[in-house]
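Enquirer: My structure is below; once you've seen it, I'll send some questions.
The values are calculated or read from the model by the stated rules, or taken from the named source; none is laboratory data. The structure presented is a predicted model; accordingly, all values stated were derived computationally and were not measured. Note that each Cβ is placed from the backbone with ideal geometry, even for glycine, and that neighbours are counted across all protein chains shown.
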Amino acid sequence: MKIAVIGCTHAGTAAVKAIAAEHPEARITVYERNDNISFLSCGIALHVGGVVKDPEGLFYSSPEQLARLGVDTRMRHEVLRIDTAAKTLRVRSLETNEEFEDSYDKLVVTTGSWPVVPDMEGIRLDNVQLCKNFFHAKEIIARAGAARKVAVIGAGYIGIELAEAFSDLGKEVTLLDNMDRVMAKYLDAEFTDAAEEALAGRGIRTALGERVSRFEGRDGRVAKVVTDKGEHEADLVVLCIGFRPGTELVKGQLDMLDNGALLVDEYMRTSDPDVLAAGDSCAVRYNPTGQQAYIPLATNAVRMGTLAGRNLVEPKVKYRGTQGTSAIKLFDLNIASTGMTEAAAEAAGLDAAAVTLRESHRPDFMPDAEEALLKLVYERGTGRLLGAQILSRADLTQAANTLSVCIHNRMTTEDLAYVDFFFQPHYNHPWNLLNQAGLAAEKQRAEALRRQAAEEQAGAEQAAAKEQAAAEPKPERRASA
Ligand SMILES: Cc1cc2nc3c(=O)[nH]c(=O)nc-3n(C[C@H](O)[C@H](O)[C@H](O)COP(=O)(O)OP(=O)(O)OC[C@H]3O[C@@H](n4cnc5c(N)ncnc54)[C@H](O)[C@@H]3O)c2cc1C
């Protein structure tokens with residue numbers, strides 16, 4: 001069996017390892033246009049900020065390691081064309097420019113994503129940088145040395161992490177976003193307010209609710225970011241405004257969402273039975289809504305990659321979907337979220353409600369305790385959990401993982417209120433914070449039900465009174481003289 005894998009970062013590496021383990025007899029060829037594999041982009045900000053000194057640690061595999069599994073990894077080889085009907089690929093070596101054809105029995109598309117680059121004036125100025133791969137990391141670090149004022153465009157978790165890293169390096173940082181809150185996709189306002197306060201406390205300027213319209217330069221190098229509300233001086237700009245799936249090669253050949261994310265079934269099979277796909281090139285099933293969504297995360301990529309390998313020939317193990325669970329450390333704040341925010345649930349038209357708890361993370365008799373902010377979003381009628389967010393100086397981020405499992409298993413606020421968690425004073429209360437959130441939501445639901453019953457009762461009484469009034473005989477009118 002001849003297997004071709006295109007792209008070898010997280011999804012590709014995971015797929016190749018799984019295929020080699022399941023099909024030792026197979027001839028596996030990997031095409032990767034980069035000069036490295038398995039780069040952990042999550043380490044870029046840590047490397048920029050000097051926390052991770054040796055970038056070697058940001059790779060967990062290599063062509064040599066894959067060779068030991070019998071895999072032929074062709075580095076600096078770009079796949080130019082895929083013909084799924086003929087099961088062939090057109091490939092170019094980026095070293096020699098030589099082009100050749102290859103064929104496959106099974107193809108795994110793990111071509112990932114690429115940063116969104118807006119088509120606007122000044123976008124090609126020097127020092128306007130992208131942030132995705134190891135090459136970008138090196139470029140950012142090289143250019144940051146001489147930069148004084150850095151503008152980070154996009155206040156998602158990648159932008160926030162970079163803003164913190166540049167601030168640690170002593171740069172004047174401006175963080176811009178067209179949304180009026182930072183990390184608005186993952187967190188509701190109670191949490192983003194705290195994050196914005198933390199950013200301001202460290203001298204990072206935020207320019208929120210501003211849409212970038214162009215970049216102005218001096219001597220070919222960026223000097224200014226111009227928005228619909230003003231101007232911001234910057235001698236280094238990093239764009240972090242999102243990602244697009246890199247699936248142009250199979251456009252028109254495989255089913256995809258409007259944004260180009262490949263649609264795969266729960267066994268990672270595309271609309272072509274001999275083509276599987278995984279990672280950022282794909283849409284994923286978002287469990288809170290049950291819909292396909294584009295949520296590019298390394299966590300999904302490694303799981304999907306492994307499953308593409310395991311299910312290559314026959315369906316064996318199902319993908320479980322995702323809650324888009326993620327976390328960020330912002331200075332001394334530990335923040336994590338899973339599933340839907342209240343704002344997202346409302347935008348999706350769900351009848352959602354939320355409870356927010358502010359509690360010390362462990363008993364007051366302990367020498368110290370940190371405040372924890374926990375929000376639970378749930379479906380009003382059924383109590384089904386939809387999402388959660390947690391923030392504290394204590395690291396309580398694992399609570400988001402626990403809640404992710406709860407959402408995955410379609411648990412309700414009542415389940416959460418009474419499910420078993422340990423108690424130990426170093427870590428929590430006899431009623432774990434998550435139990436407390438469940439109890440608070442149950443109380444809120446009971447009150448809402450009582451209110452609804454009272455309203456229904458009042459409505460019924462009013463209707464009965466009206467009916468009675470209508471049934472009563474009307475006094476006869478006297479004819480006027
Ligand atoms: C700065 C940053 C921080 C992040 N932090 C986190 C985090 O903390 N947690 C988390 O879960 N996720 C994080 N992510 C997201 C995570 O990195 C991605 O979800 C993950 O890289 C996706 O892996 P992938 O293998 O699907 O795709 P990609 O990483 O995009 O890799 C695709 C590969 O395919 C190759 N390729 C594409 N087209 C071709 C072609 N035609 N021919 C040959 N090769 C090709 C590319 O060169 C690339 O190596 C972060 C991302 C960034 C940019």
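Enquirer: Tally time: how many residues in the stretch 182-213 are in a loop (DSSP other than H, G, I, E, B) and either loosely packed, with under 14 Cβ neighbours inside 10 Å or over 17 Å from the mean Cα position of the chain (by Cα) (or both)? Break it down stepwise before answering.
Expert: As a first pass, look at the stretch 182-213 and keep what is in a loop (DSSP other than H, G, I, E, B): 182-188, 202-204, 209-211.
Among the residues that remain, those that are also either loosely packed, with under 14 Cβ neighbours inside 10 Å or over 17 Å from the mean Cα position of the chain (by Cα) (or both) are: 202-204, 209-211.
Of the residues in the stretch 182-213, 6 are in a loop (DSSP other than H, G, I, E, B) and either loosely packed, with under 14 Cβ neighbours inside 10 Å or over 17 Å from the mean Cα position of the chain (by Cα) (or both).
Enquirer: Going through the stretch 363-393 one residue at a time, which ones are under 19 Å from LEU416 (Cα atoms) and basic (Lys, Arg)?
Expert: LYS375, ARG380, ARG384
Enquirer: Of all residues in the stretch 24-51 being more than 10 Å from the ligand (Cβ to nearest atom) and surrounded by fewer than 17 Cβ atoms within 10 Å (Cβ to Cβ), which is nearest to LYS87 (Cα to Cα)?
Expert: It comes out as ARG27.
Every residue, every condition in (1) touching a residue at least 24 places away in the same chain (Cβ under 8 Å); (2) acidic (Asp, Glu); (3) within 14 Å of the ligand (Cβ to nearest atom); (4) not assigned by TED's automatic domain parsing to the domain that holds LEU107, yes or no:
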| position | (1), (2), (3), (4) |
| --- | --- |
| MET268 | yes, no, yes, no |
| SER271 | no, no, no, no |
| TYR294 | yes, no, yes, no |
| GLY321 | yes, no, no, yes |
| MET340 | yes, no, no, yes |
| ALA344 | yes, no, no, yes |
| ALA352 | yes, no, no, yes |
| THR356 | yes, no, no, yes |
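Enquirer: What pairs can you find where one residue is in the stretch 1-23 and closer than 12 Å to ALA308 by Cβ, the other is of a type in the set (Phe, Trp, Tyr) and more than 11 Å from the ligand (Cβ to nearest atom), and their Cβ atoms are less than 7 Å apart, with a gap of 6+ or different chains?
Expert: ILE3/TYR104
Enquirer: Can you tell me how many residues within the stretch 22-70 are among the hydroxyl-bearing types (Ser, Thr, Tyr) and not in a loop (DSSP other than H, G, I, E, B)? Give the steps one after another, and end with the answer.
Expert: If we filter the stretch 22-70 for residues that are among the hydroxyl-bearing types (Ser, Thr, Tyr), which is where we start, we get 29, 31, 38, 41, 60-62.
Filter once more, keeping what is not in a loop (DSSP other than H, G, I, E, B): 29, 31, 41.
Residues that pass the stated criteria total 3.
Enquirer: Something else about it: Of (1) assigned to a strand (DSSP E or B); (2) exposed (fewer than 13 other Cβ atoms within 10 Å of the Cβ), VAL91 satisfies all except one. Which?
Expert: (2)
Enquirer: Would you confirm whether any residue within the stretch 60-68 is among the polar types (S, T, N, Q), at pLDDT 95 or above and more than 14 Å from the ligand (Cβ to nearest atom)?
Expert: yes
Enquirer: Can you tell me which condition GLU371 does not meet? The list is (1) at pLDDT below 95; (2) closer than 17 Å to GLN436 by Cα, and all the others hold.
Expert: Checking GLU371 against (1) at pLDDT below 95; (2) closer than 17 Å to GLN436 by Cα, the one that fails is (1).
Enquirer: Also, I was wondering about something else. Considering the stretch 265-290 alone, what residues qualify as being outside any loop (DSSP other than H, G, I, E, B) and surrounded by fewer than 21 Cβ atoms within 10 Å (Cβ to Cβ)? Spell out the reasoning first.
Expert: Taking the stretch 265-290 as the starting set, the residues that turn out to be outside any loop (DSSP other than H, G, I, E, B) are 269, 275-277, 279-282, 284-286.
Those that are outside any loop (DSSP other than H, G, I, E, B) and surrounded by fewer than 21 Cβ atoms within 10 Å (Cβ to Cβ): ARG269, ARG285, TYR286.
Quick grid of which residues meet (1) in a helix (DSSP H, G or I); (2) within 24 Å of PHE215 (Cα to Cα):
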{"site": "ASN97", "(1), (2)": "no, no"}
{"site": "GLU101", "(1), (2)": "no, no"}
{"site": "THR111", "(1), (2)": "no, no"}
{"site": "TRP114", "(1), (2)": "no, yes"}
{"site": "ILE123", "(1), (2)": "no, yes"}
{"site": "HIS136", "(1), (2)": "yes, yes"}
{"site": "ILE141", "(1), (2)": "yes, yes"}
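Results for (1) within 11 Å of the ligand (Cβ to nearest atom); (2) more than 19 Å from GLN323 (Cβ to Cβ), shown as yes or no for each residue.
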site	(1), (2)
MET256	no, yes
ASN259	no, yes
ALA278	yes, no
ARG285	no, no
PRO288	no, no
ASN300	yes, no
MET304	yes, no
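Enquirer: For the stretch 205-225: of the residues being without any contact (Cβ under 8 Å) to a residue 40 or more places away in the chain and charged (D, E, K, R), which is farthest from MET120 (Cα to Cα)?
Expert: Filtering the stretch 205-225 down to residues without any contact (Cβ under 8 Å) to a residue 40 or more places away in the chain leaves 205, 207, 209-211, 218-219, 223-224.
Those still in the list that are charged (D, E, K, R) too: 205, 210-211, 218-219, 224.
Numbers: ARG205: 23, GLU210: 15, ARG211: 12, ARG218: 17, ASP219: 18, LYS224: 14 Å.
Taking the candidates together, the pick is ARG205.
Enquirer: I'd like to know if the stretch 8-21 contains one or more residues that are in the same structural domain as ASP72 (by TED's automatic domain parsing), within 11 Å of the ligand (Cβ to nearest atom) and assigned to a strand (DSSP E or B).
Expert: There is no residue in the stretch 8-21 that is in the same structural domain as ASP72 (by TED's automatic domain parsing), within 11 Å of the ligand (Cβ to nearest atom) and assigned to a strand (DSSP E or B).
Enquirer: Yes or no: the stretch 123-140 includes at least one residue that is more than 10 Å from the ligand (Cβ to nearest atom) and closer than 18 Å to SER281 by Cα.
Expert: no
Enquirer: State all residues of the stretch 133-162 that are surrounded by 21 or more Cβ atoms within 10 Å (Cβ to Cβ) and either on the phi > 0 side of the Ramachandran plot or under 18 Å from the mean Cα position of the chain (by Cα) (or both); if no residue qualifies, say none.
Expert: ILE153, GLY154, ALA155, TYR157, ILE158, GLY159, ILE160, GLU161, LEU162
Enquirer: Hey, among LEU162, LEU125, which residue is in contact (Cβ under 8 Å) with a residue 24 or more places away in the chain and under 30 Å from ILE6 (Cβ atoms)?
Expert: After ruling out the rest, the residue left standing is LEU162.
Enquirer: So, one more: Please tell me if LEU449 is in a helix (DSSP H, G or I) and not assigned by TED's automatic domain parsing to the domain that holds MET340. Show your work before the answer.
Expert: Working: in a helix (DSSP H, G or I): yes; not assigned by TED's automatic domain parsing to the domain that holds MET340: yes.
Yes: the conditions hold for LEU449.
Enquirer: Run down LEU262, LEU236, LEU307 and say which single residue is over 21 Å from the mean Cα position of the chain (by Cα) and surrounded by 18 or more Cβ atoms within 10 Å (Cβ to Cβ).
Expert: The match here is LEU236.
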